[in-house]
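Laboratory data are not the source of any read-out in this text; all were calculated from the coordinates shown. As the structure is a prediction and not an experimental result, all values here were calculated from the model. Cβ sites come from the backbone with ideal geometry, for glycine too, and all protein chains shown count toward neighbours.
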Amino acid sequence: MKYISLALKISITYFLFGLLWIYFSDNAINLLVKDLEKLQFLQTIKGWLFITFSSILIYFISYKLFIQIESKKEELLKSNELLEKIIENAPLIIFWKSNKGVYLGCNSKFLQLINLTSKDELLGKTDTDFSILEKENFINDDMIVISSCQPKLDYLETVTTKNKILRILNTSKVPLFDNKGEVIGVLGVSEDVTEQINNQNKIKTQEELLIQQSKLAAMGEMIANIAHQWRQPLSVISTLSTGMKLQKELHISNEEYEKESLDNINENAQYLSKTIDDFKNFFKKDNNKTNIYFKELFEKTFKLIQSRLKNRDIQIIQNNYTQIRFDTYESELIQVFINIINNSIDAFENISEDKYIFIDVKEFDNKIVIKIKDNAGGIDKNIIDKIFDPYFTTKNEKQGTGIGLYMSKEIITKHLNGSVEASNIEFEYLNKSHHGAIFTITIPLNKDK
């Protein structure tokens, strides 16, 4: 349209110049010359002059237009060079194809990805011309974008190159349109996120190892707890079996007594088996969340630490146990409760009486809020901001690893999308003032189940 306008401008200028020349030159000659021969001569001269002046006029107009065209071409070349530099130096893999899947261009990062050394090896070819395992996926993605006229954004795909190295890409593809709105190709932009994904997997693996390390750190205490819990039922089993054997030897056995003793032995054996199951479930890895009542979850926690609490005369005071149900990684949250309660138990070491741990639970704003507090004297204000740091501990090496509270925070914040905070608190209980630490855990609820 722009070039048509320029041609029309030249034509109109030429037309007006010719019209004015003929009109004024003819009138001037007719006024000045009456001789017919001279008139014919002057008409010839006038024609040559018209050709000369019109050629000069067209030259200057064309020269000006050519200068403008050259200037625009130079600007266009600079824009193309800038665009090529941007594409080439962008920290992304960029390529574009025709609507038939033929490669029309790319940057060097794309060539590196598919192990090519120059664009000549790529241009004019399609994905089927290359030995790439995932080429069918690439072709299907292109066809979806072209046929739907819609972009496909931010999806993960893999590329297995000639050297069998697997690369993970975050890719977006958009359709390319001509002036009529017809799809003429597809533009692809990818980011190599292989290292990022691998690092995320490493971090996840490290977190899982830390969780297991935290559980193993508690294993010695747990085994001691189980040994204490088993002492009484084992003593009952031993007494009953010895009594039955003695009656047999003295020939004074009683069928009713034997039946009652066997029932008693079985009951205690079931208790021992249940203790093993509780211990085994705690160390089992959580792969999926379960929907559970808080009361049931804390009862499982209590079974694992009750002997330690009992040995130290520490009372658990449970408040507001409403029927709150939520999704969680069961053994991981039990681990959090054990870590916090174990810290309270250790803090009671130099306290001889009135030792309490309070568990308060409520539902608020579609969240479950769990508060665990004690009256063990609180946390030193100089270290309270560090207690969730990895490997920070005030205990000696044999007593603590410094990962319990750190892993508790990791589980709550990263695995359960919640929060955990610690502070000191003053409160009254049984008409006495107490001072201790309080841990507040907030976890989103799932009310769909």
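Once you've got the Cα coordinates, tell me which of 9/73; 204/381; 97/180 are over 26 Å apart. With Cα atoms farther than 26 Å apart: 204/381. A Förster distance of 25 Å, applied to the separation of the beta-carbon atoms of residue 245 and residue 269, puts the FRET efficiency at 0.90.
Expressed in Å, the radius of gyration and Dmax of the Cα atoms of the stretch 79-134 are 11.6, 37. Counted by neighbouring Cβ atoms within 10 Å, the residues 338, 69, 292 run from fewest to most as 69, 292, 338. Treating each Cα of the stretch 90-192 as one equal point scatterer and applying the Debye formula with no solvent, the log10 of I(q)/I(0) at q = 0.17, 0.21 Å⁻¹ comes out as -0.74, -1.16. Modelled label positions at residue 313 and residue 123, each set 7 Å beyond Cα in the direction of Cβ, lie 9.0 nm from each other.
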